[in-house]
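Input: a single structure, listed below in structure tokens.
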Amino acid sequence: MTLSRRVASPRVVCIEDLRPLARRRLPTAVFNYLDGGAEGEVTLRENCRAFEDLCFRPRHAVSFPACDLRTRILGFDLSVPFLLAPVGYSRLMNPAGEVAAARAAGLAGTAYILSTISGHRLEDVKAATSGPVFYQLYLMGGRPAAEDVIQRAKAAGFSALVVTIDTPLAGMRERDYRNGMKELISGGLWEKLPFLSQVLKRPGWLINFLQDGGLRPLPNVRVPGKGPMPLVDINAALASAAITWADLRWIRELWRGPLVVKGVLTGDDARRAVDEGAAAISVSNHGGRQLDCVSASVRALPEVVAAVKGQVEVWMDGGIRRGTDVVKAICLGARAVLCGRAYAYGLAAAGEAGVSRAIEILRADLERTLHLLGCPSLTKLDRSYVNVPASWQVT
Ligand SMILES: Cc1cc2nc3c(=O)[nH]c(=O)nc-3n(C[C@H](O)[C@H](O)[C@H](O)COP(=O)(O)O)c2cc1C
């Protein structure tokens with residue numbers, strides 16, 4: 001079966017249909033790395049569930065030929081109001097990983113954010129897409145590695161730097177421990193042994209992985225004099241990579257282009273990000289992968305929107321699985337949303353064709369939702385289109 005047929009309708013009619021296909025393709029550890037969250041996964045679940053607390057208020061008996069789905073972020077016109085979030089280790093999900101995702105984003109008229117934890121060189125990712133690309137920065141490898149990658153991203157034509165501030169260390173992702181993610185990525189043969197059967201059960205994935213050269217170092221994390229950082233346990237790598245507001249100032253000086261702060265959940269941090277020169281903020285809890293039991297992103301959105309008073313663009317991510325989720329976030333004041341797992345399930349299921357299918361599903365959802373809502377354009381969405389629970393109101 002061709003890859004695009006694997007994810008075609010009627011096998012796949014919504015994003016949730018891509019998830020079991022991803023599960024069937026990936027070894028248990030890799031699927032659960034993608035699918036899982038931190039600790040009890042309360043925030044992971046709540047990110048999706050909280051959208052159910054918002055009810056639409058449609059305007060009926062109106063008619064218009066087409067809906068305008070375009071939005072503008074950081075001066076770029078996007079054909080849809082969602083972009084692809086940084087997803088580390090995408091090359092483990094499919095050998096074309098970040099290159100495939102970026103290409104699919106560009107073809108769909110949207111932007112791609114490349115994670116620091118990328119298996120492909122940032123120059124190759126930029127060359128693969130016709131859309132804007134932004135670089136997500138962790139301080140793995142310290143300031144010297146960051147200086148190197150910032151200069152490379154500038155030279156390659158990346159348009160914004162996305163600084164993730166919610167990762168002073170990696171969250172406790174219990175599924176990764178149970179399934180041997182650390183051992184499979186960085187252990188010796190002896191440590192890998194108890195977990196190898198799950199890999200052997202996925203021969204399709206294994207052949208692709210071996211043909212791709214197996215585990216590769218991180219080509220965009222180069223400590224001067226040492227070369228690319230070996231693919232290591234993410235926990236160890238991130239534990240020495242905490243970003244502070246002082247680092248942000250230093251990063252801004254080096255970068256001098258638009259800076260996005262990702263991982264804001266409170267009005268206080270939002271105002272701080274504005275004061276530090278952010279051009280945009282992404283309200284995010286890292287898809288429920290960091291501190292568990294924080295607010296769902298959409299629940300935190302009204303506080304952040306109120307705090308920044310229109311001074312910067314507000315984006316959000318976490319739990320986007322349907323076009324209705326995107327519309328609700330925009331009604332609450334988001335300029336755009338990032339999708340993480342929604343496209344990564346597609347990538348794991350069928351490479352670039354799977355990412356394109358995920359984008360297509362969300363785009364069709366959006367078009368249908370706006371029609372049913374009686375709203376011809378995304379720019380016309382506001383709070384009058386949703387009932388917001390009283391407890392969500394910001395005073
Ligand atoms: C497998 C996986 C890896 C991720 N890696 C990164 C990363 O390297 N950097 C980052 O800022 N966020 C990372 N994120 C978080 C996403 O950028 C985004 O915030 C999150 O996926 C949004 O939630 P959603 O998956 O429900 O859409 C990752 C998320 C997943 C699922």
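The values are calculated or read from the model by the stated rules, or taken from the named source; none is laboratory data. None of the values given here were measured: they were computed from a predicted structure. Quick reminder, even Gly has a Cβ in these numbers, built from the backbone with ideal geometry, and neighbours come from all protein chains shown. Surface accessibility is based on the protein's heavy atoms, side chains included, excluding ligands, DNA and RNA. Shrake-Rupley method; radii C 1.70, N 1.55, O 1.52, S 1.80 Å.
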Worksheet item: For the range 75-190, what is the convex hull (Cα atoms) projected area averaged across all directions, in square nanometres?
Response: 8.7
Worksheet, complete the sentence: With +1 on the Cβ of every Lys and Arg and -1 on the Cβ of every Asp and Glu, the dipole magnitude of the range 148-215 about its Cα centre, in debye rounded to the nearest 20, is 160
Worksheet item: Can you list the aspartates and glutamates whose alpha carbon is less than 12 Å from that of Lys380, not counting same-chain residues fewer than 8 positions off?
Response: Asp68
Fill in: Net charge contributed by nearby residues that have their C-beta within less than 11 Å of Leu291 (K/R +1, D/E -1)
-2
Fill in: Cα convex hull of the range 1-134 - mean projected area over all directions, nm²
11.6
Worksheet item: What part of the accessible area of the range 252-371, given as a whole %, is carbon or sulfur when the probe is 1.4 angstrom?
Response: 45
Discussion item. Suppose the chain between Asp275 and Gln393 were pulled fully straight at 0.36 nm per residue; how much longer would it get relative to their current alpha carbon spacing?
Written reply: 40.0 nm
Fill in: Test item: Cα-centred dipole of the chain, Lys/Arg +1 and Asp/Glu -1 on Cβ, debye
800
Discussion item. Just to be sure I follow: if Rg is taken over the C-alpha atoms of the range 111-251 and Rh is the Kirkwood radius over the same atoms, what is Rg/Rh?
Written reply: 0.99
Worksheet item: Just how far, in whole angstrom, is the range 158-220 from the range 237-282 if you go by their alpha carbon centroids?
Response: 27
Worksheet item: Where in the range 360-395 does the amide nitrogen come within less than 20 Å of the point 7 Å from the Cα of Asp53, taken along Cα to Cβ?
Response: 382-395
Response to the item:
Arg252 and Asp77 label points (each 7 Å along its Cα→Cβ direction) are spaced in nm at 3.0
Worksheet entry | By average C-beta atoms within 10 angstrom, highest first, the peptides 118-127, 379-388 | 118-127, 379-388
Practice prompt. Just list whichever of Lys262/Lys309; Lys126/Lys328; Lys154/Lys328 have alpha carbons separated by over 27 Å in the model shown.
Written response: Lys126/Lys328; Lys154/Lys328
Practice prompt. Quote the accessible area belonging to Ile361 in square angstrom, nearest 10, computed with a 1.4 Å probe and with ligands, DNA and RNA left uncounted.
Written response: 10
Discussion item. List the lysines whose Cα sits under 23 Å from the Cα of Lys182, skipping any in the same chain fewer than 8 residues away.
Written reply: Lys192, Lys201, Lys226
Response to the item:
Whole-percent tail of the Cα-Cα distance distribution for the range 292-393, cut at 18 Å, equals 52
Discussion item. Explain nothing, just the number: relative contact order of the chain, from Cα pairs under 8 Å at least 6 residues apart, as a whole percent.
Written reply: 27
Discussion item. Pick from Cys55, Cys331, Cys293 the residue whose mean-square fluctuation is largest in a GNM of the chain, springs joining Cα atoms under 10 Å.
Written reply: Cys55
Worksheet item: Once the Cα gyration tensor of the chain is diagonalised, what are the square roots of 5 times its eigenvalues, in whole Å and ordered largest first, as equivalent ellipsoid semi-axes?
Response: 32, 25, 20
Practice prompt. Tell me which residues come under 5 Å, amide H to amide H, from Lys262 once H is placed; ignore anything under 5 positions away on its chain.
Written response: Val163, Thr164, Ile165, Ser282
Item to complete: Please report how far the C-alpha centroid of the range 306-374 lies from that of the range 1-63, rounded to the nearest whole angstrom.
Response: 12
Discussion item. Can you tell me what percent of all Cα-Cα pairs in the range 187-338 are more than 23 Å apart?
Written reply: 55
Worksheet item: How would you order 61-73, 178-190, 313-325, 366-378 from highest to lowest mean count of nearby Cβ atoms within 10 Å?
Response: 313-325, 366-378, 178-190, 61-73
Discussion item. What whole-number volume per residue, in cubic angstrom, does the convex hull of the C-alpha atoms of the range 164-238 give?
Written reply: 128
